[in-house]
There are 2 protein chains.
Amino acid sequence: MSDQKRPVVIIVGAGFGGLSAARALASAEVDIVLVDQRNHHIFQPLLYQVATASLSPADIAGPVRSILSSQPNVTVVLGTVTGIDSATRSVSIDNGVRSGAIAYDYLILATGARHAYFGNDHWEPYAPGLKTIEDATSIRRRLLWAFERAEMATDIAERDANLTIVIVGGGPTGVELAGSIIELARAALAKDFRRIDPRKARVLLVEAGPRILPSFTPELSEAAKQSLEKLGVSVRVDARVMNCDAEGVVIGEERVPAATILWAAGVQASPAAGWLGAAADRAGRVLVGPDFSVPGHEGVFAIGDTASLTDAAGQLVPGVAPAAKQAGRYVGDLITRRLSGFPQQAPFRYRNYGNLATIGRYAAVADFGWIRLRGALAWWLWGIAHIFFLIDFRNRVAVTLGWLWSFLTFKRGARLITGMLRTPGK
Amino acid sequence: MSDQKRPVVIIVGAGFGGLSAARALASAEVDIVLVDQRNHHIFQPLLYQVATASLSPADIAGPVRSILSSQPNVTVVLGTVTGIDSATRSVSIDNGVRSGAIAYDYLILATGARHAYFGNDHWEPYAPGLKTIEDATSIRRRLLWAFERAEMATDIAERDANLTIVIVGGGPTGVELAGSIIELARAALAKDFRRIDPRKARVLLVEAGPRILPSFTPELSEAAKQSLEKLGVSVRVDARVMNCDAEGVVIGEERVPAATILWAAGVQASPAAGWLGAAADRAGRVLVGPDFSVPGHEGVFAIGDTASLTDAAGQLVPGVAPAAKQAGRYVGDLITRRLSGFPQQAPFRYRNYGNLATIGRYAAVADFGWIRLRGALAWWLWGIAHIFFLIDFRNRVAVTLGWLWSFLTFKRGARLITGMLRTPGK
């Protein structure tokens with residue numbers, strides 16, 4: 001076997017889906033090429049804690065090479081995909097040093113999504129979203145700088161605008177950001193300024209739909225809203241953002257002066273559908289078959305946030321980490337079985353083990369289908385689950401200690417303004 | 001007393017000297033304004049571990065506001081000093097948001113130093129130095145990228161240049177960088193690449209003088225050299241760097257192709273002397289009186305790396321953290337005493353508690369004057385001393401755990417290439 005040319009599986013993206021596919025192929029007789037733009041995998045569900053100065057980037061990230069170093073059939077390539085030719089079965093990759101094409105037998109696209117501005121991309125400089133480590137440290141800088149600017153402000157309007165943070169989008173990321181930021185202002189920063197009272201910061205959570213956390217039950221949405229309001233967040237539902245600029249946002253017809261606007265409102269899939277010329281939904285997700293295969297492109301699969309699939313149970317597979325992991329494992333197993341001569345595999349079924357979202361100290365909501373929780377118990381569950389699913393032992397220890405320290409001291413462990421240089425901008 | 005205008009002490013710089021001066025003035029009847037360009041204090045002696053992917057930035061840094069939040073007579077101002085008028089006693093500050101002048105009764109300049117290229121500032125883009133968090137993450141990116149480039153190299157010369165790291169300067173920073181980088185290559189990265197063997201990386205430590213660690217005894221210098229060579233570092237003494245460019249360095253008459261060049265060769269004081277028009281030595285350090293006062297500038301002191309002083313015992317005060325702390329405390333006490341009507345204070349005497357430098361696992365040198373150590377005992381002492389002097393409890397726990405993990409697994413906890421974006425350069 002070792003003298004024969006083994007089939008090549010290219011996996012694009014080292015997120016939850018891509019890594020899970022690579023691992024599922026660990027004992028397959030294939031050569032895997034894992035391509036990512038970055039050298040590290042990110043544990044996305046905790047990225048908002050990097051943005052709000054609780055955790056360090058390395059606490060929630062690990063080098064892809066190191067994660068897969070004991071799997072000899074994987075080669076990691078750093079680079080950006082610039083195109084796919086599914087007729088000749090090759091992927092073009094560029095990384096600023098080299099560009100070239102790699103031939104594949106199987107291709108798994110797990111390239112994730114970016115935030116979307118629904119046709120208003122010019123809002124991005126004013127209302128950044130949160131998908132990468134760089135996004136997180138940039139948001140951290142903006143947030144911390146806003147308090148510094150407020151401290152220096154010479155008039156009340158300027159001070160108040162700097163103490164106003166607007167979060168657009170009431171999904172889990174928006175809710176978690178809002179809770180974490182109000183706690184940053186009310187606890188961690190409370191005593192550190194001389195001219196302002198950071199506790200007077202306003203945090204607005206704006207949701208265009210009728211309720212926040214729409215993927216939860218209405219009762220849990222309401223509980224989350226009440227928890228946020230108790231912490232001091234203003235929650236506005238049925239509220240549409242009409243404009244974002246350097247001065248603030250326009251919500252409906254009201255202009256809200258705000259120095260910090262964070263975008264957690266929507267996602268747009270990576271350009272994978274465009275590379276293939278494949279059919280996609282409005283958010284750019286590739287419309288895949290029941291086994292994640294891309295119709296008309298032999299040997300090509302799209303998983304995770306890159307794909308749109310209604311599973312065998314009639315359920316739309318959600319764009320969450322557990323779904324991406326399950327999809328990666330499914331496709332990895334499918335390829336392993338095909339190579340072993342077992343081409344049949346049952347269509348994919350998403351198993352929903354539950355939804356969790358945290359709000360603040362002792363406040364979270366959990367929906368396991370058979371039981372729904374809120375408050376302290378949900379909060380403990382959220383913490384334990386996230387520690388459990390973290391990348392490796394080091395991350396688990398680092399995050400546990402970071403949380404323990406913050407829990408006991410009410411401080412934030414990573415309150416650094418970096419990349420600021422001489423003339424800090426926003 | 002509270003109705004009277006209290007004297008204003010401006011401290012510029014939140015390094016070891018500035019923080020120590022602020023703390024020494026904690027119970028003085030003064031208003032302290034602490035000015036720094038950044039929001040965080042850095043524990044400089046461990047900065048090289050951020051550059052070599054062992055520790056996260058937040059592990060060795062803490063927000064200045066938080067460090068001093070329980071000292072009510074301190075106001076922290078984020079900004080860059082643009083000038084000093086010692087006739088009218090005011091400091092001009094700019095931070096990109098505001099600019100203005102603050103009047104002082106006493107002024108303490110603790111602005112530190114940058115690395116110096118001895119008239120070859122055009123080398124800086126090719127041979128960066130290490131003074132800030134941004135320097136450290138930028139060096140980390142260069143180092144890790146060089147291995148990625150080597151993996152992608154299409155010819156042997158390109159591969160070898162990417163696997164060659166040259167460190168210029170054999171002081172403690174150069175020695176510590178060299179030891180840490182060779183261990184990164186030989187242990188942490190060893191199994192993570194498929195086309196290259198990272199263990200074959202060459203690390204060159206180049207020192208213009210006759211021995212490395214010139215502030216230690218010749219015996220300890222020799223022991224350090226042997227330890228480095230045992231780890232695999234090539235140590236070159238009496239070797240002068242004639243040029244640095246994108247291709248590598250010229251050492252004496254030999255051109256060494258190298259993708260990574262790190263500069264640890266010299267320091268240049270911050271422009272404090274220039275702000276004042278005060279006399280300075282060749283490295284730009286203000287020539288201060290025996291109590292750190294700047295001659296001809298009433299009420300102005302310069303401490304730490306900003307000052308040049310031969311103390312009452314005839315000893316040149318070195319540019320190290322303990323000396324800066326002692327100077328800060330001395331000047332803080334001096335001002336406190338003056339305000340209490342005790343103008344006399346004995347001239348400053350630097351107390352040298354010892355010199356420590358680490359090389360690698362179980363390898364370090366220590367010189368306490370009365371006893372000199374090398375090897376494992378010195379290494380343990382180095383670690384314990386650095387943990388002890390770290391900023392706060394959180395940093396101590398984070399660094400201890402980071403080290404413990406690296407010690408047990410031979411891995412690096414912060415192996416992230418960040419700020420890389422689409423087209424990574426060097």
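The values are calculated or read from the model by the stated rules, or taken from the named source; none is laboratory data. Fair warning: this is a prediction, and the values are worked out from it, not measured in the lab. Note that each Cβ is placed from the backbone with ideal geometry, even for glycine, and that neighbours are counted across all protein chains shown.
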- prompt: Under the condition of being surrounded by fewer than 24 Cβ atoms within 10 Å (Cβ to Cβ) and not β-branched (V, I, T), which residue from the range B:6-19 is nearest to B:I84 (Cα to Cα)?
  reply: B:P7
- prompt: Has the range B:113-134 got at least one residue that is within 29 Å of B:L25 (Cα to Cα), part of a strand (DSSP E or B) and away from every other protein chain (no Cβ under 14 Å)?
  reply: yes
query: Which condition number does A:E222 fail, the rest of (1) in contact with a helix residue (DSSP H, G or I) (Cβ under 9 Å, 6 or more places away or on another chain); (2) more than 21 Å from A:T52 (Cα to Cα); (3) not hydrophobic (A, V, I, L, M, F, W, C) being met?
result: (1)
- prompt: What's the number of the condition B:T88 fails, among (1) β-branched (V, I, T); (2) buried (at least 18 other Cβ atoms within 10 Å of the Cβ); (3) not in a helix (DSSP H, G or I)?
  reply: (2)
task: Kindly list the number of the only condition in (1) crowded, with 18+ Cβ neighbours inside 10 Å; (2) touching a Ser or Thr at 6+ places or on another chain (Cβ under 9 Å) that fails for A:L287.
output: (1)
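Considering each residue of the range A:91-105, count those that are at the interface with another protein chain (Cβ under 9 Å from one of its Cβ atoms), part of a loop (DSSP other than H, G, I, E, B) and not small (G, A, S), and give that number.
Here is the first cut: in the range A:91-105, the residues at the interface with another protein chain (Cβ under 9 Å from one of its Cβ atoms) are A:94-98.
Still in the running and part of a loop (DSSP other than H, G, I, E, B): A:95-98.
From what is left, the residues that are not small (G, A, S) are A:95, A:97-98.
Summing the residues that are at the interface with another protein chain (Cβ under 9 Å from one of its Cβ atoms), part of a loop (DSSP other than H, G, I, E, B) and not small (G, A, S) in the range A:91-105 gives 3.
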- request: Could you list all residues from the range A:210-228 that are under 22 Å from A:L184 (Cβ atoms) and part of a helix (DSSP H, G or I)?
  value: A:A224, A:K225, A:Q226, A:S227, A:L228
query: Looking at the range A:239-251, which of the residues that are assigned to a loop (DSSP other than H, G, I, E, B) and over 24 Å from the mean Cα position of the chain (by Cα) is surrounded by the fewest Cβ atoms within 10 Å (Cβ to Cβ)?
result: A:A246
Hey, A:V8 out of contact with any Leu (no Cβ under 7 Å at 6 or more places or on another chain) and modelled with pLDDT of 95 or more or not: yes
- prompt: Taking the range B:378-415 only, how many residues are part of a loop (DSSP other than H, G, I, E, B), within 11 Å of another protein chain (Cβ to nearest Cβ) and farther than 23 Å from B:R186 by Cβ?
  reply: 1
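Which residue, of A:R6, A:R38, is of a type in the set (K, R), at the interface with chain B (Cβ under 10 Å from one of its Cβ atoms), in contact (Cβ under 8 Å) with a residue 24 or more places away in the chain and out of contact with any helix residue (DSSP H, G or I) (no Cβ under 7 Å at 6 or more places or on another chain)?
None of the others qualify; the one that does is A:R38.
Checking the conditions here, which among B:F348, B:F301, B:F342 is more than 25 Å from B:I387 (Cα to Cα), part of a loop (DSSP other than H, G, I, E, B) and in contact (Cβ under 8 Å) with a residue 40 or more places away in the chain? Step through it out loud before you land on a result.
Numbers: B:F301 fails: part of a loop (DSSP other than H, G, I, E, B); B:F342 fails: in contact (Cβ under 8 Å) with a residue 40 or more places away in the chain.
On inspection, the qualifying residue turns out to be B:F348.
Yes/no matrix, rows are residues, columns are (1) within 11 Å of another protein chain (Cβ to nearest Cβ); (2) surrounded by 19 or more Cβ atoms within 10 Å (Cβ to Cβ); (3) over 17 Å from B:F410 (Cα atoms):
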position: B:S138; (1), (2), (3): yes, no, yes
position: B:R141; (1), (2), (3): yes, yes, yes
position: B:E151; (1), (2), (3): yes, yes, yes
position: B:D160; (1), (2), (3): no, no, yes
position: B:V168; (1), (2), (3): no, yes, yes
position: B:I181; (1), (2), (3): no, yes, no
position: B:F193; (1), (2), (3): yes, no, no
position: B:L205; (1), (2), (3): no, yes, yes
message: Given the criteria among the charged types (D, E, K, R), more than 8 Å from every other protein chain (Cβ to nearest Cβ) and buried (at least 19 other Cβ atoms within 10 Å of the Cβ), does A:R65 qualify?
response: no
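Which of the helices (runs of 4 or more DSSP H) contained wholly in the range A:1-84 include at least 1 residues that are over 21 Å from A:N395 (Cα atoms)?
On the way: elements: A:16-24, A:47-51, A:64-67.
Output list reads A:16-24.
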- prompt: With respect to B:E219, is the statement that it is over 24 Å from the mean Cα position of the chain (by Cα), closer than 21 Å to B:T358 by Cβ and either within 14 Å of chain A (Cβ to nearest Cβ) or surrounded by fewer than 24 Cβ atoms within 10 Å (Cβ to Cβ) (or both) true?
  reply: yes
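Do you know which residues across the range B:96-118 are free of Cβ contacts under 8 Å to residues at least 60 places away in the same chain and either among the polar types (S, T, N, Q) or outside the structural domain of B:A272 (by TED's automatic domain parsing) (or both)? It would help to see each step written out before you state the result.
From the range B:96-118, those free of Cβ contacts under 8 Å to residues at least 60 places away in the same chain are B:96-101; that's our starting set.
The one that is free of Cβ contacts under 8 Å to residues at least 60 places away in the same chain and either among the polar types (S, T, N, Q) or outside the structural domain of B:A272 (by TED's automatic domain parsing) (or both): B:S99.
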- prompt: Within the range B:68-90, can you find the residues that are more than 14 Å from B:V33 (Cα to Cα), hydrophobic (A, V, I, L, M, F, W, C) and either touching a residue at least 24 places away in the same chain (Cβ under 8 Å) or within 10 Å of chain A (Cβ to nearest Cβ) (or both)?
  reply: B:I84
- prompt: Could we say that B:G79 is of a type in the set (G, A, S) and more than 24 Å from the chain's Cα centre (by Cα) here?
  reply: no
task: Tell me which of these A:Y48 doesn't satisfy, since it passes every other one: (1) of a type outside the set (A, V, I, L, M, F, W, C); (2) in contact with a His (Cβ under 6 Å, 6 or more places away or on another chain); (3) crowded, with 24+ Cβ neighbours inside 10 Å.
output: (2)
